[in-house]
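Below you'll find the structure, written out as structure tokens, and then a few comments.
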Amino acid sequence: MWKLLRYTILINISTMKNKKAIIAGHSKSAPGALCYDGSYEHDHTHTLQQMIVHEQTNALLMQGSSFYPVTDHEDLSLRSAVNLLNANKSIAGILDIHFNANMIGATGVEAIVHPHTSEENKQLAASMVYILAGIIGIPIRRREPERDYIYPSETPRGTLAIIDQTKAPAIIIEVCFLNENNMIRYRAKRKEVSQALRKLMFA
């Protein structure tokens with residue numbers, strides 16, 4: 001059964017050769033996990049998404065490059081979102097932004113990729129967690145000692161359609177936990193986090 005999508009989707013912005021989808025996990029109607037301060041996961045995913053898009057737009061304008069207009073679709077069904085991503089054959093990569101639940105004492109940055117994704121996409125996910133962990137000052141959250149990312153089958157749901165059913169290589173980034181310790185650190189470095197993700201996605 002296809003539930004209402006939890007994302008603000010689809011932000012497409014690019015040079016003609018580097019079109020990416022930047023997805024803000026969750027939406028106003030399905031805001032996700034509750035933060036320690038009463039805000040919701042969607043508040044933080046949407047803000048970070050918009051920061052990345054704004055910075056990339058400005059960078060392209062300064063370079064005199066062409067770019068696709070931003071399109072924003074709220075509350076699509078999960079099936080519609082996957083179909084929209086798959087129908088847009090010029091998308092070269094997908095970044096889905098999330099935050100982990102407000103668990104006392106939990107910490108860390110986490111990335112999720114498909115087990116059969118390209119080595120390049122796995123390396124991109126590994127770079128994201130290393131760089132974000134360094135910026136925020138929290139550890140990388142690993143399930144397996146030899147891997148810097150996990151697979152959808154290792155999540156509580158066992159499958160994630162944005163990864164398992166999309167054609168373009170996708171990464172879900174869990175930036176940090178919504179507890180006080182992690183969020184204070186994140187908020188102090190949010191600008192650096194958005195700049196790092198932009199550079200990694202649009203390199």
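The values are calculated or read from the model by the stated rules, or taken from the named source; none is laboratory data. These numbers come from a predicted model, not from an experiment. Positions of Cβ are generated from backbone atoms using ideal geometry, with glycine treated the same way; all protein chains shown enter the neighbour counts.
Here is how the numbers come out for the structure above:
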read-out	value
Within the stretch 45-74, tally of residues that are of a type outside the set (Phe, Trp, Tyr), at pLDDT below 75 and touching a strand residue (DSSP E or B) at 6+ places or on another chain (Cβ under 7 Å)	5
In the stretch 173-200, the residues that are more than 19 Å from Leu34 (Cα to Cα) and either in contact with a His (Cβ under 8 Å, 6 or more places away or on another chain) or of a type in the set (Lys, Arg) (or both)	Lys189, Lys191, Arg198, Lys199
Residue that is surrounded by the most Cβ atoms within 10 Å (Cβ to Cβ), among those in the stretch 176-198 that are out of contact with any Phe, Trp or Tyr (no Cβ under 8 Å at 6 or more places or on another chain) and hydrophobic (A, V, I, L, M, F, W, C)	Leu197
Number of positions in the stretch 4-38 that are at pLDDT 90 or above and surrounded by 15 or more Cβ atoms within 10 Å (Cβ to Cβ)	4
Boolean, Met1 is surrounded by fewer than 16 Cβ atoms within 10 Å (Cβ to Cβ), at pLDDT 85 or above and farther than 20 Å from Ala170 by Cα	no
Cβ-Cβ under 8 Å pairs, at least 6 apart or on other chains, the stretch 130-147 side of a type in the set (A, V, I, L, M, F, W, C), far side in a loop (DSSP other than H, G, I, E, B) and surrounded by 14 or more Cβ atoms within 10 Å (Cβ to Cβ)	Ala133/Gly108; Ile135/Lys189; Ile136/Lys189; Ile138/Thr107; Ile138/Gly108; Ile140/Gly108; Ile140/Asp148
Matching residues, the stretch 115-172, being over 17 Å from Asp96 (Cβ atoms), surrounded by 18 or more Cβ atoms within 10 Å (Cβ to Cβ) and polar (S, T, N, Q)	none
Inter-residue pairs, beta-carbon under 7 Å, first touching a residue at least 40 places away in the same chain (Cβ under 8 Å) and under 12 Å from Ala101 (Cα atoms) and in the stretch 26-40, second surrounded by 13 or more Cβ atoms within 10 Å (Cβ to Cβ) and among the hydrophobic types (A, V, I, L, M, F, W, C), 6+ apart	Ala33/Phe99; Ala33/Ala101; Ala33/Leu178; Cys35/Leu178; Cys35/Met183; Tyr36/Leu178; Tyr36/Met183
Check on Val109, touching a Gly at 6+ places or on another chain (Cβ under 9 Å) and crowded, with 20+ Cβ neighbours inside 10 Å	no
Breaking point among (1) modelled with pLDDT of 95 or more; (2) in a helix (DSSP H, G or I); (3) within 26 Å of Lys89 (Cα to Cα), for Lys191	(3)
